[in-house]
Amino acid sequence: MSDTIREADARVDLALIARWQRGDERAATELVERHAPALARFAVTQGVRDGADELVQDTFVRAFSSLHSFRADSSLRTWLFTILKRLVLDRQRAERRGPQQVELEERHAVQEFNALDGLVADEAMLRVRNAVAHLSPLQREVFTLRVMEGLPYTEIAQVVGSTEGACRVHYHNAMRAIKEYLSDD
Amino acid sequence: MTDCPNGEMRDLLPEYAHGVLGAEDTARVAAHVAACDDCRAELALIGRVRESVTLGVPRTNVAAIVGALPAPRAASGKPALYASPRRDVAWKTWQYAAAAGLVLAVGSGVVWQRTSVGTGARFADSSQVRTSPAPAETTHATAPLTPEDGITFGGGLSDLSLNDLQALLGQMDSLKTLPSTDPQSVTPVIASNEGGKTL
């Protein structure tokens, strides 16, 4: 995304935030409509099988409750993804500490991601989903944010807590791994 | 499927797929993809990934999300940027504490006043007790005070009957001298070995 388009996108978000803070609730609707689908996609690709919509809702509630701390150093979108990532991690930790303790390994995340495969009738689509599911968690985060949302490496680095260069490497490794998976399958 | 050696072009493919590149970059990538089989295949793979992942994602209920959001602070005229819900809670807590303090202060004042009135009545009652064994001619005993009479902390001339006052005046007239109310003059004395020396 060119900087001009990114800046324009960020300005729209800031204008909507300002409208909401002045009491315009329709601005909140527009903000949710702009970002909720991407957040839901991200949650699902991170292994959230049930309650992805709840996590997205919690993300918005937390974000709107602390908009006073949003200084626009990063884009609203990046901030929302960061909040959601923490919520996903919290939920996964809580599930690990639950009464039925299950070691959450990469394999389990793959299974959760593939649990929706019944909805994917196309064989080729299923193979692509499996390829993404077999990425490491960090590779999957970077790859999803890059391919699904078109985020620049700078924003991805903020979300996953890494550097721009490392994210670039993770993305290209992920792409190579997917190509290999599909060629071997 | 092999990788294109042009890393810059490969890096731009996801953003090209999203249509968010500027005009110049879009033209460059389009020209490269048209001539590069690897990048064309990778671009097609990106499209398939987007499609397959999107298929399994539940639809978000925008209305439910918006309904769960905290309300903006439009009434105060202050933007929510400076009035988070957490600060609202703190402000309300202070308001409750201030209200509780006010009620406590008013209640204490009322209790103190009633206690004082009761004490005054007790003083009045005791004055009545004192005046009860008064001489026979003292028939006009002081009536006990009621709370409506105000606060009285002891008896005085006003508690005496007319006869008492006349008797008191008669006793004063019979006195040859009245005690002086002027302070005594003080003569400074300087102490010395031989004794005090008056200046």
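Here, each number is a calculation from the coordinates, and none is a lab measurement. For clarity, every value in this text was computed on a predicted model and none was experimentally measured. Reconstructed Cβ throughout: ideal geometry from the backbone, glycine too, with neighbour counts over all protein chains shown.
Each Cα pair under 8 Å and six or more residues apart adds its sequence gap; the mean of these over the residue count of region A:3-184 is a relative contact order of 21 percent.
Looking at region B:32-71, the trypsin sites (Lys or Arg not before Pro) that sit in a DSSP loop and have at most 13 other Cβ atoms within 10 Å of their own Cβ are B:R59. Neighbour counts of other Cβ atoms within 10 Å put B:L168, B:L13 in the fewest-to-most order B:L168, B:L13. Computed from label points 7 Å out along Cα-Cβ, the spacing between B:T26 and A:L138 is 3.5 nm.
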